[in-house]
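Worksheet: the structure to be examined is printed underneath.
The values are calculated or read from the model by the stated rules, or taken from the named source; none is laboratory data. The structure presented is a predicted model; accordingly, all values stated were derived computationally and were not measured. We work out accessible area using only protein heavy atoms, side chains counted, and drop any ligands, DNA or RNA first. Shrake-Rupley method; radii C 1.70, N 1.55, O 1.52, S 1.80 Å.
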Amino acid sequence: MSISESSRREAIEHLRVDAARVVNISAACDPCFKSSDALAQDHQALLARWGITRQYILYTGGADERKNLPRLIEAFARLPQDVRRHHQLLFAGKLSPSQKGELQNVARKQGLSNEDLCFTGFVSDDELVLAYSFCQLFVFPSWHEGFGLPPLEAMSCGAPVIAADTSSIPEVVGWPQALFDPLDV
């Protein structure tokens, strides 16, 4: 069983499993991921706790190399100054101190200030629902996923989503106009 058609193809190609023996069962997100305007007060309290002072562009997930976070920061830094002045790049989820430090170094090299990026640390599902529900944009630049659950969660909460046009992610997003080359800053 595979969690995406992309994973199915990888099993067939790389593990040399007979195609008739590999079935794509797909995946789904928890039902808690849904949009709700009733959460606005909770969202404001969460933003204050996280130090978010502007609208935000959201990423959630890991920070290993395939997640492509340095390019995300570089792309954010290339946005017009007027857009950046009104937005922060929010990394929701637990990162190690060294991962966070590496991303902050990338940001500094790109001319971004400490206030341009925010790091939440661990987030609960309830907090993640709030973050998805009120973000201006959810971006998922990963260049390889078995499925790609964060974009599905974000879309389920009503977030506008753009994501990498690689591996399983196009299956999850399902809209070619919302996909981009993850290697092209």
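Counting only DSSP beta bridges whose two residues both lie in the chain, roughly 5 percent are antiparallel.
Close amide H contacts of residue 24 (hydrogens built in the peptide plane, cut-off under 5 Å, sequence separation of 5 or more or a different chain): 2. Just to confirm the number: angle between the C-alpha axis of helix 125-134 and the first principal axis of the chain, 0 to 90 degrees, nearest 10? On a 0 to 90 degree scale, this one is about 70. The phi-based Karplus calculation (6.51 cos²θ - 1.76 cosθ + 1.60; θ = phi - 60°) puts the 3J(HN,Hα) values of segment 108-119 at 4, 5, 8, x, 8, 8, 4, 6, 6, 10, 10, 10 Hz, whole numbers, x for Gly and Pro. With the alpha-carbon atoms of segment 82-185 aligned to their principal axes, the span from lowest to highest coordinate is 35, 33, 30 Å, starting with the largest.
Counting protein heavy atoms only, the chain has 52 percent of its accessible area on carbon and sulfur, 1.4 angstrom probe. Accessible area per residue for segment 10-115 is 62 Å², calculated with a 1.4 Å probe on protein heavy atoms, without ligands, DNA or RNA. At the residue level, residue 171 shows approximately 90 square angstrom of accessible surface with a 1.4 angstrom probe and all protein chains present.
How many angstrom separate the Cα center of segment 99-172 from the Cα center of segment 1-77? With segment 99-172 and segment 1-77 each reduced to a Cα centre, they are spaced 7 Å. Could you tell me which label, among (1) 1.01; (2) 0.99; (3) 1.06, carries the value of Rg/Rh (Cα atoms, Kirkwood Rh) calculated for this structure? Checked against the structure: label (2). Relative to the dominant Cα principal axis of the chain, helix 40-50 is inclined by about 80°.
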